[in-house]
1. Using a cut-off of 28 Å between alpha-carbon atoms, which lysines can reach K164, once sequence neighbours fewer than 8 places away in the same chain are excluded?
2. Which angle from 0 to 90°, rounded to the nearest 10, does the C-alpha axis of helix 206-219 make with the longest principal axis of the chain?
3. Under the definition of Cα pairs under 8 Å and six or more residues apart, what whole-number percent is the relative contact order of the chain?
4. For L116 and A201 in the same chain, what is the full-extension length gain: residue separation times 0.36 nm, less their Cα-Cα distance, in nm?
5. If the cut-off is a Cα-Cα distance under 15 Å, which aspartates and glutamates reach K223, setting aside same-chain residues fewer than 8 apart in sequence?
6. Could you give the angle, 0 to 90 degrees to the nearest 10, between helix 100-128's Cα long axis and the longest principal axis of the Cα atoms of the chain?
7. Along Cα→Cβ, 7 Å out, is where each label goes; now give me the distance between the ones at T253 and L43 in nm to one decimal.
8. Roughly how many nanometres apart are two label points built 7 Å out from the Cα toward the Cβ at F52 and F183?
Amino acid sequence: MSLLRETYYIYLRNVRVWLSHPLNVASPIMFVVFFFLVFGTPLSSVTLLPGFPADDYKAFLTGMILVQAVVFSGSDTGFAMLTDILSGYFEKLLLSPVHRFSILLASLLTAGTRALMQALVIVALALVLGVSFKGGVLGIIAVILMSCVFGIAWSSLGLMIALKTKNVQVTESTWLLFFPLVFLTTAFMPKEFLSGWFRVAVSVNPVNYVLEGIRVIVVEGWKWDVILPGLWVLVGMTVVLTSAAAWFYRRATG
């Protein structure tokens with residue numbers, strides 16, 4: 001119980017620090033509005049192509065925007081921990097009588113909370129813009145939960161980079177490493193419309209399976225032959241990345 005209590009209080013502190021900067025809250029909203037306006041309306045005629053799986057291109061983009069928002073904020077958790085390391089706060093926590101892994105767990109929960117808020121903003125804006133979630137209310141809940149878990153998994157990469165390098169510039173620029181994993185997906189076009197090396201890259205990119213699992217709930221509903229592969233990849237990714245983050249954390253604090 002002490003581990004849970006300590007994790008809770010460190011988590012509260014992390015959330016308060018994050019919310020103390022208004023831009024942390026405003027930037028996801030600006031990001032979402034930008035993508036919906038720049039890509040949603042101008043490319044809406046793409047849905048007229050024979051075989052396109054959605055009638056509304058904004059609905060097709062919703063899954064991509066959810067995944068992209070989480071991926072691009074993956075380095076934020078690592079940068080937050082690095083800030084605590086450089087300020088000396090992290091060392092004070094390690095010297096205090098708290099379970100060391102409560103610090104890591106609190107960071108991962110903060111990442112999940114950030115992903116939750118981003119997902120809520122994206123879903124709310126999509127509904128305002130007229131996107132119809134074919135999965136219904138349960139589909140909306142599933143999409144938000146999958147985004148939260150994906151946020152926890154992806155933040156583990158940011159934590160590993162921060163713990164390994166302890167370098168501000170490297171940690172800040174880690175989003176560049178994530179950039180190809182977002183765009184080598186079916187973000188803008190279904191896989192059937194792709195060709196060549198790009199189609200091969202999409203097929204081996206694990207992020208694409210998560211993206212398609214989320215998107216199909218939005219545009220088609222409960223199509224389990226697409227949802228289940230996305231769920232399995234998401235679970236596997238979460239287990240592997242959080243375990244690796246725990247290993248890096250143990251080495252850094254041991």
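Where a number appears in this text, it was derived from the coordinates with a stated rule and is not lab data. Note that this is a predicted model, so its numbers are computed, not measured. Neighbour counts are summed over all protein chains in view; Cβ atoms, including those assigned to glycine, are modelled from backbone coordinates with ideal geometry.
1. Reachable lysines: K92.
2. 50
3. Relative contact order comes out at 26 percent.
4. 27.7 nm
5. Cα-Cα hits under 15 Å: E212.
6. With rounding to tens, the tilt is 30 degrees.
7. Output for this residue pair reads 4.1 nm.
8. Taking the simple label geometry, F52 and F183 are separated by 2.1 nm.
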